[in-house]
């Protein structure tokens, strides 16, 4: 059985039993430039525990419920189904032993992420919220594996007509980011090296909040200033145009303020081009 099929079967069974919180929500599409947005409203997000920013080194993933488990990936990570879901399925890839979400991703993190991503197939992406100001809710280090957006968001600019295969409209994204191509012979060390070079390019300084995304054969690194502006919140997925809202009111606030303008405020504005 493929990992995707296993994840979907366990996901559906847990939803039916009421153990996993998810309800189908038709995505709402908002046109924008240089990329469009896809919004989801999920009340399950209001029930998520929040420990990000805490100095306590308390493991957050102690529940060894095998119904949620999808296996061990690499020497230090475990893949489980997320209990508080926006998409079907949605998974958490966490370190078995406690490590801080504020720490930079390392080769073992990337090794596990690449194993999970290639096992799930090309319809998925991996995101990481590096710290509370990047959208993390838990302080125990974890990445997330979830379905890629369909024809929306920053990903639509990652395969374009420029010499490096990316759309020239990436230059019009109003906040700082760095994008690199995942090497053909990808492994944990190669991905860590790419990550470090993108952090340098995006000027992600030590201790700074950031997002990392693996999607469509690319790695994206985005430095962050904050994850919450007047109750409007943004994680890594939001920074590439896939926004998860906990209420209709939050969705309306996003639309009223202007999604791309909000991302510029959540991220670090680019220097004006001459």
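The values are calculated or read from the model by the stated rules, or taken from the named source; none is laboratory data. Keep in mind it's a predicted model, so treat the numbers as computed, not measured. FYI the Cβ positions are ideal-geometry reconstructions off the backbone, even for glycines, and counts take in every protein chain you see.
Output the qualifying pairs, or none if there are none: Cβ atoms under 6 angstrom, residues six or more apart or on different chains, first residue in the stretch 143-161 and on the phi > 0 side of the Ramachandran plot and assigned to a loop (DSSP other than H, G, I, E, B), second residue modelled with pLDDT of 90 or more and surrounded by 22 or more Cβ atoms within 10 Å (Cβ to Cβ).
Hits for this filter: 153/35; 153/240; 153/241; 153/242.
Consider residue 197 against the criteria (1) surrounded by fewer than 15 Cβ atoms within 10 Å (Cβ to Cβ); (2) in contact with a strand residue (DSSP E or B) (Cβ under 8 Å, 6 or more places away or on another chain); (3) touching a residue at least 24 places away in the same chain (Cβ under 8 Å): it satisfies all of them except one. Which criterion is unmet?
(3)
Among residues belonging to the stretch 180-194 that are part of a loop (DSSP other than H, G, I, E, B) and without any contact (Cβ under 8 Å) to a residue 60 or more places away in the chain, point out the one that is nearest to residue 74 (Cα to Cα).
Among them, the one singled out is 185.
Is it fair to say residue 243 is in contact with a helix residue (DSSP H, G or I) (Cβ under 7 Å, 6 or more places away or on another chain), in contact (Cβ under 8 Å) with a residue 60 or more places away in the chain and under 14 Å from residue 105 (Cβ atoms)?
On the way: in contact with a helix residue (DSSP H, G or I) (Cβ under 7 Å, 6 or more places away or on another chain): yes; in contact (Cβ under 8 Å) with a residue 60 or more places away in the chain: yes; under 14 Å from residue 105 (Cβ atoms): no.
So residue 243 does not fit the description; no.
Checking the conditions here, which among 93, 79 is within 30 Å of residue 262 (Cα to Cα), within 18 Å of the chain's Cα centre (by Cα), modelled with pLDDT of 95 or more and assigned to a strand (DSSP E or B)? Working first, answer last.
Details: 79 fails: within 30 Å of residue 262 (Cα to Cα).
Within the list 93, 79, the selection yields 93.
Restricting the stretch 122-136 to residues that are assigned to a loop (DSSP other than H, G, I, E, B) and modelled with pLDDT of 90 or more, which is nearest to residue 107 (Cα to Cα)?
Going residue by residue through the stretch 122-136, those that are assigned to a loop (DSSP other than H, G, I, E, B) are 122-123, 131, 135-136.
Of the ones still in play, those that are also modelled with pLDDT of 90 or more are 123, 131, 135-136.
Details: 123: 23, 131: 18, 135: 22, 136: 20 Å.
Selected residue: 131.
Looking at 222, 232, 213, which one is over 30 Å from residue 118 (Cα atoms) and surrounded by 18 or more Cβ atoms within 10 Å (Cβ to Cβ)? Outline the logic, then answer.
Values: 222 fails: over 30 Å from residue 118 (Cα atoms); 213 fails: over 30 Å from residue 118 (Cα atoms).
Just a single option satisfies the conditions, and that option is 232.
Mind checking whether some residue in the stretch 106-118 is within 14 Å of the chain's Cα centre (by Cα) and closer than 23 Å to residue 26 by Cα?
no
Has the stretch 115-136 got any residue that is on the phi > 0 side of the Ramachandran plot, surrounded by 15 or more Cβ atoms within 10 Å (Cβ to Cβ) and touching a strand residue (DSSP E or B) at 6+ places or on another chain (Cβ under 9 Å)? So that I can check it myself, show each step before the final result.
We begin by selecting, within the stretch 115-136, every residue on the phi > 0 side of the Ramachandran plot; these are 121, 131, 135.
If we keep only those that are surrounded by 15 or more Cβ atoms within 10 Å (Cβ to Cβ) as well, we get 131, 135.
Now restrict to residues that are touching a strand residue (DSSP E or B) at 6+ places or on another chain (Cβ under 9 Å): 131, 135.
Looking for residues that are on the phi > 0 side of the Ramachandran plot, surrounded by 15 or more Cβ atoms within 10 Å (Cβ to Cβ) and touching a strand residue (DSSP E or B) at 6+ places or on another chain (Cβ under 9 Å), one finds at least one in the stretch 115-136, hence yes.
Restricting the search to the stretch 241-262, which residues are in contact with a strand residue (DSSP E or B) (Cβ under 6 Å, 6 or more places away or on another chain) and either within 17 Å of residue 202 (Cβ to Cβ) or not in a helix (DSSP H, G or I) (or both)?
241, 242, 243, 244, 245
For the stretch 211-228, indicate whether the set of residues that are free of Cβ contacts under 8 Å to residues at least 24 places away in the same chain, farther than 20 Å from residue 100 by Cα and not in a strand (DSSP E or B) is non-empty. I'd like the intermediate steps shown before the answer.
Of the residues in the stretch 211-228, the ones free of Cβ contacts under 8 Å to residues at least 24 places away in the same chain are 228.
Filter once more, keeping what is farther than 20 Å from residue 100 by Cα: 228.
Checking the rest, the ones that are also not in a strand (DSSP E or B) come to none.
Checked the stretch 211-228: no residue is free of Cβ contacts under 8 Å to residues at least 24 places away in the same chain, farther than 20 Å from residue 100 by Cα and not in a strand (DSSP E or B).
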